[in-house]
Amino acid sequence: MSTERERPVASPCISVCALDDHDICTGCQRTAAEITRWGRMDNTERRAVLAQCHERARGQGLLFSL
C-alpha cells in the first residue's frame, strides 16, 4: 500500500514584495493575511488562494489572453 504524500503547493512569491493600498502584494497578488497564513494552509486552501490571485491579477490587467 502506497502512503505517498502530495507535495505542498509552491508559494507564488516572486520576490517583489510590496503591499498596495488594499494590502495586496503587487508581486504575487496575495493579501497580507494570505501571505501570513500560507505556511499553515493545506493544499486545498493554497489552490483556492492561487485562484483568487489569478482573478486579482486579471482584474488589475496584469494577465494577457491570446
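Tabulated values for the structure
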{"item": "Residue list for region 33-66, filter: outside any helix (DSSP H, G or I) and in contact (Cβ under 8 Å) with a residue 24 or more places away in the chain", "result": "60, 62"}
{"item": "Residue list for region 4-39, restricted to those being at positive phi and among the charged types (D, E, K, R)", "result": "23"}
{"item": "Meets criteria (surrounded by 12 or more Cβ atoms within 10 Å (Cβ to Cβ), free of Cβ contacts under 8 Å to residues at least 60 places away in the same chain and in contact with a helix residue (DSSP H, G or I) (Cβ under 9 Å, 6 or more places away or on another chain)) for residue 30", "result": "yes"}
{"item": "Qualifying residue in region 36-46 (condition: under 10 Å from the mean Cα position of the chain (by Cα) and of a type in the set (Val, Ile, Thr))", "result": "no"}
{"item": "Among (1) modelled with pLDDT of 95 or more; (2) under 13 Å from the mean Cα position of the chain (by Cα), the one test that residue 23 misses", "result": "(2)"}
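The values are calculated or read from the model by the stated rules, or taken from the named source; none is laboratory data. Predicted model only: the values in this text are computed from it and were never measured. With ideal geometry, Cβ positions are generated from the backbone for all residues, glycine too; neighbour counts draw on all protein chains shown.
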